[in-house]
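Below is one structure, written out as C-alpha cells; the observations come after it.
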Amino acid sequence: MKTDEPAERFQRVAEALDALYVLHGKETFDEPDDLLGSLIATLLNQSTSGINASRAFGSLVDTFEGDWDQVRRAPVEEVAEAIVVGGLSNQKAPRIQKILEQVHEERGEYSLEFLREEEPEDARAYLLEFKGVGPKTAAFTLAYAAQMPLFAMNTDVMRVSKRVGWVPASVSDARAHELMQGWVPEGDYDAAHIALVTHGRRVCTSRAPRCAECPLRSDCDHHQKEEE
Ligand code: SF4
C-alpha cells in the first residue's frame with residue numbers, strides 16, 4: 001500500500017473515481033426508501049448475488065403479505081423456506097426474526113424511520129447492535145434508504161479499494177469504511193459506491209481482473225505486483 005499524504009491520497013481517489021465515472025457513468029441512489037425493509041433486503045444480500053437477494057426479499061414479502069408481524073411470529077422454518085433462494089436461509093431467517101422482535105420491543109412498531117432524525121454515526125451504531133448486521137450492511141442501509149452521508153462498501157468495493165491500495169489488505173471492514181469515508185469526496189458517496197460496485201463486477205472481478213481494460217492500472221498496487 002502506498003504511503004502518500006492524506007491530501008495526495010484524497011486526490012488519487014478523486015481522480016480514480018472520475019475515471020470510473022467516465023467508464024461506467026455517474027449514477028446516484030434513487031429516492032429514500034423504507035429503512036426496516038431496506039435493512040432486511042440488505043441482510044438478504046449478504047453472500048449472494050443481487051438478483052437472488054431481490055428474489056428472496058420478494059418471496060418474503062409475498063409469503064407473509066408484506067406484514068412484518070407475520071414474519072416475526074411465523075415458525076422460523078417457514079421464514080427460511082421463503083428466503084431459500086437467497087442462500088444461508090437457516091442463518092438469515094432467525095436473524096431477521098430477531099431484528100423484528102427487537103425493533104418491535106423497543107419501538108412498539110415495525111419501523112426504523114426514527115433513525116432519519118439521528119446523527120449518521122448514532123444511526124450506524126444502533127444498527128450495528130443487531131446480530132448479523134455488520135459495517136457493510138449498516139452503512140449501505142443508511143446511505144441508500146436514508147441517504148445519510150456514509151460511504152458504503154460491499155464485497156466489490158472492498159476488493160477494488162484493497163487491490164488499488166487505498167486501504168490495507170488486512171484491515172477490518174469497520175476500519176476500511178472509516179478510511180474510505182475520508183478519501184471519497186463526501187458529496188459523491190453514492191456515485192462512488194455505485195461506480196466501484198460496477199467496476200468490481202465488470203472489470204476488477206474476483207478471480208480474473210481485466211487489468212488491460214482498467215483505467216486505474218497505472219496506480220494500482222495489485223496490477224503493479226502482477227507485472228513484476
Ligand atoms: S488494475 Fe486490475 S487489479 Fe487494479 S483495479 Fe484495475 S482491474 Fe482491479
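The values are calculated or read from the model by the stated rules, or taken from the named source; none is laboratory data. Worth saying up front: this structure is predicted, and the values here are computed from it rather than measured. Cβ placement follows ideal geometry from the backbone for every residue including glycine, while neighbour counts extend to all protein chains displayed.
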Just checking, does the stretch 119-141 include any residue being within 16 Å of the ligand (Cβ to nearest atom) and either closer than 22 Å to Arg12 by Cα or in contact (Cβ under 8 Å) with a residue 24 or more places away in the chain (or both)? no
Gly165 on the phi > 0 side of the Ramachandran plot, within 16 Å of the ligand (Cβ to nearest atom) and touching a Lys or Arg at 6+ places or on another chain (Cβ under 8 Å): yes
In the stretch 46-56, is there at least one residue being loosely packed, with under 15 Cβ neighbours inside 10 Å, not hydroxyl-bearing (Ser, Thr, Tyr) and not in a loop (DSSP other than H, G, I, E, B)? yes
Any idea how many residues of the stretch 163-203 are of a type in the set (S, T, N, Q) and in a helix (DSSP H, G or I)? 2
When every residue in the stretch 176-228 that is near the ligand (Cβ under 9 Å from one of its atoms), without any contact (Cβ under 8 Å) to a residue 60 or more places away in the chain and closer than 21 Å to Ala139 by Cβ is compared, the one surrounded by the most Cβ atoms within 10 Å (Cβ to Cβ) is Cys204
Just give me the residues in the stretch 87-132 being in contact with a Ser or Thr (Cβ under 8 Å, 6 or more places away or on another chain) and modelled with pLDDT of 95 or more, in sequence order. Val103, Leu127
Those residues of the stretch 142-162 that are without any contact (Cβ under 8 Å) to a residue 40 or more places away in the chain and outside any helix (DSSP H, G or I) come to a total of 2
Only one of (1) of a type in the set (Val, Ile, Thr); (2) farther than 30 Å from Leu216 by Cα; (3) in contact with a Gly (Cβ under 9 Å, 6 or more places away or on another chain) fails for Val103. Which number is that? (3)
